[in-house]
1. Does Leu184 satisfy the criteria of being in contact (Cβ under 8 Å) with a residue 40 or more places away in the chain and not in a helix (DSSP H, G or I)?
2. From the list Asp176, Asp159, Asp171, pick out the single residue that is under 17 Å from the mean Cα position of the chain (by Cα) and closer than 19 Å to Gly51 by Cβ.
3. Every residue in the range 124-169 that is in a loop (DSSP other than H, G, I, E, B) and touching a Lys or Arg at 6+ places or on another chain (Cβ under 8 Å), please.
4. Restricting the search to the range 104-113, which residues are assigned to a helix (DSSP H, G or I) and either without any contact (Cβ under 8 Å) to a residue 40 or more places away in the chain or surrounded by fewer than 18 Cβ atoms within 10 Å (Cβ to Cβ) (or both)?
5. Scan the range 81-93 and give yes if some residue there is among the charged types (D, E, K, R) and either crowded, with 17+ Cβ neighbours inside 10 Å or more than 27 Å from Ser141 (Cβ to Cβ) (or both), otherwise no.
6. In the range 135-172, which residue that is buried (at least 17 other Cβ atoms within 10 Å of the Cβ) and touching a Ser or Thr at 6+ places or on another chain (Cβ under 6 Å) is farthest from Arg100 (Cα to Cα)?
7. Can you tell me which residues in the range 136-194 are within 19 Å of Gln6 (Cα to Cα) and among the acidic types (Asp, Glu)?
8. Starting from residues that are surrounded by fewer than 18 Cβ atoms within 10 Å (Cβ to Cβ) and of a type outside the set (A, V, I, L, M, F, W, C), keep the ones in the range 114-124 and report whichever is farthest from Arg64 (Cα to Cα).
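The values are calculated or read from the model by the stated rules, or taken from the named source; none is laboratory data. Note that this is a predicted model, so its numbers are computed, not measured. As a convention, Cβ positions derive from the backbone with ideal geometry for all residues, glycine included, and neighbour counts pool all protein chains shown.
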Amino acid sequence: MNFAEQLVYWYLRLNGFFPLTNFVLHHGEGHRTSDADLLAVRFPYVSEVIGGADKDWDARFWKRWHIDLTSETVGLIVEVKSGFFDYSDLNHPDREWRVRDSLRRLGMVPPSQLEQAVEELRRAPCTRLGGCRTAKLLVSSGNIPNGAPWLHVELRLVDKFVRRRMKTYSDRKYPDRLFFAGDLIQYLAWKSGG
């Protein structure tokens, strides 16, 4: 994982998600093997003693994306871009199989509704098929076009969220920093206590 993917991993983890990184989407007919930067699942009754209250979750989920983390099971297909990229490439029809395979792997949409979910995610960032909320999240260094079929958050805001969480709970995060898997999050926890 590169630094941006690590930051996004911890952003999702600190919002109660269980993230999987660099999930391999195996080569299929007419497609080369690819990956999803992250796949993540969150259940509605998540709680933790440290940093697990409703006030700790990023308000973007409710206010901007209209996702209620306290009542919905949520699955995310996540793309992370830390530099320049061609936005049209994300929505190119040749990449649709990646959404389909990611949905299959998340297992939140019944096979009978899979193609309908793929179609909905072609036009919009979220679907509610299968009784769960499934969405595509893009984390990038800049803005994306209005009306783009992706939830979007800037990488700098992800960084700010993670740093603020480390600072808010520095009394626990700093002394427990070496229990975290990854140099980046250990560093951020160390910085919060210094």
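1. On the way: in contact (Cβ under 8 Å) with a residue 40 or more places away in the chain: yes; not in a helix (DSSP H, G or I): no.
Spelling it out, it is not the case that Leu184 is in contact (Cβ under 8 Å) with a residue 40 or more places away in the chain and not in a helix (DSSP H, G or I).
2. On the way: Asp176 fails: under 17 Å from the mean Cα position of the chain (by Cα); Asp171 fails: under 17 Å from the mean Cα position of the chain (by Cα).
When all the criteria are applied, what remains is Asp159.
3. First, the residues of the range 124-169 that are in a loop (DSSP other than H, G, I, E, B): 124-125, 128, 132, 141-150, 169.
Passing the criteria: Pro125, Ser141, Pro149, Trp150.
4. Let us first name the residues in the range 104-113 that are assigned to a helix (DSSP H, G or I), namely 104-106, 111-113.
Residues satisfying the conditions are Arg104, Arg105, Pro111, Ser112, Gln113.
5. Step one: of the range 81-93, the residues among the charged types (D, E, K, R) are 81, 86, 89.
Within this subset, residues satisfying the condition of being either crowded, with 17+ Cβ neighbours inside 10 Å or more than 27 Å from Ser141 (Cβ to Cβ) (or both) are 81.
The answer is yes, given that some residue of the range 81-93 is among the charged types (D, E, K, R) and either crowded, with 17+ Cβ neighbours inside 10 Å or more than 27 Å from Ser141 (Cβ to Cβ) (or both).
6. Looking at the filtered set, the residue picked out is Ser170.
7. Those that are within 19 Å of Gln6 (Cα to Cα) and among the acidic types (Asp, Glu): Glu154, Asp159, Asp176, Asp183.
8. Taking the candidates together, the pick is Glu115.
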